[in-house]
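We did not get these values from a lab; they are worked out from the coordinates using the rules stated. A quick note: this is a predicted structure, and the numbers were derived from the prediction, not measured. No Cβ is skipped: glycine too gets one built from the backbone with ideal geometry, and neighbour counts run over all protein chains shown.
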């Protein structure tokens, strides 16, 4: 215990930085949970995709979408996802599945849809990077 106190005394800036990073991680995690945004593991995401008539949206740039996307995905940029749009709006009471490269943009878009009253909106935890890391299949080309 005394060595810990000695370390804190000798390195206050390092300890302060550690505490700040810890608080930042906690705030982000609490924000995700409080917003109702649900991030699904690959297994849960695949199960949701196969279970119901759902809308699957790839939020990456068009060139990345063309290089490889999950089968059945529609391409939208985050700014194109309009909760009031007719093609997306018909899934307001259904299931909307989102993914991006790493899961960050899809979480933000999911929050926006949830705030607009969508019932079930989920994002892929880890994004397409996690999907590819698990060597799951992708389609190439323009798709939908």
(request) Using only the Cα atoms of the range 39-110, each taken as one equal point scatterer with no solvent, compute I(q) by the Debye sum, divide by I(0), and report log10 of the ratio at q = 0.11, 0.25, 0.26 Å⁻¹. (result) -0.24, -1.33, -1.41
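Would you compute, from DSSP H runs of 4+ residues alone, the mean residue ellipticity of the chain at 222 nm, taking -39500 (n - 2.57) per run and dividing by the full residue count, rounded to the nearest 500?
Working: 7 runs with 71 residues, N = 144.
When only DSSP H runs of four or more count, the value is -14500 deg cm²/dmol.
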(message) Between residue 14 and residue 64, what is the label-point separation in nm under the 7 Å Cα-to-beta-carbon projection?
(response) 3.6
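Using DSSP, restrict attention to beta bridges with both residues in the chain and report what percent are antiparallel, rounded to the nearest 5.
Details: 1 of 15 bridges.
That works out to approximately 5 percent antiparallel.
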(message) What do you get for the angle between helix 12-34 and the principal long axis of the chain? Use alpha-carbon atoms, 0 to 90 degrees, nearest ten.
(response) 30
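What is the Cα convex hull volume of the chain when expressed per residue in Å³? Numbers along the way, then the final one.
Working: hull volume 21.5 nm³, N = 144.
Looking at the chain, the number lands at 149 Å³ per residue.
Which order do the peptides 67-75, 22-30 take when ranked by the mean count of other beta-carbon atoms within 10 Å per residue, highest first?
Numbers: 67-75: 17.2, 22-30: 10.2.
Per-residue Cβ counts within 10 Å, averaged per peptide and sorted highest first, yield 67-75, 22-30.
R0 = 30 Å: FRET efficiency of residue 82 with residue 139, Cβ-based, nearest 0.05?
Values: r = 25 Å, r/R0 = 0.83.
Approximately 0.75, to the nearest 0.05.
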(request) Mind giving me the FRET efficiency for residue 115 and residue 5? R0 is 30 Å, r the Cβ-Cβ distance, nearest 0.05 is fine. (result) 0.05
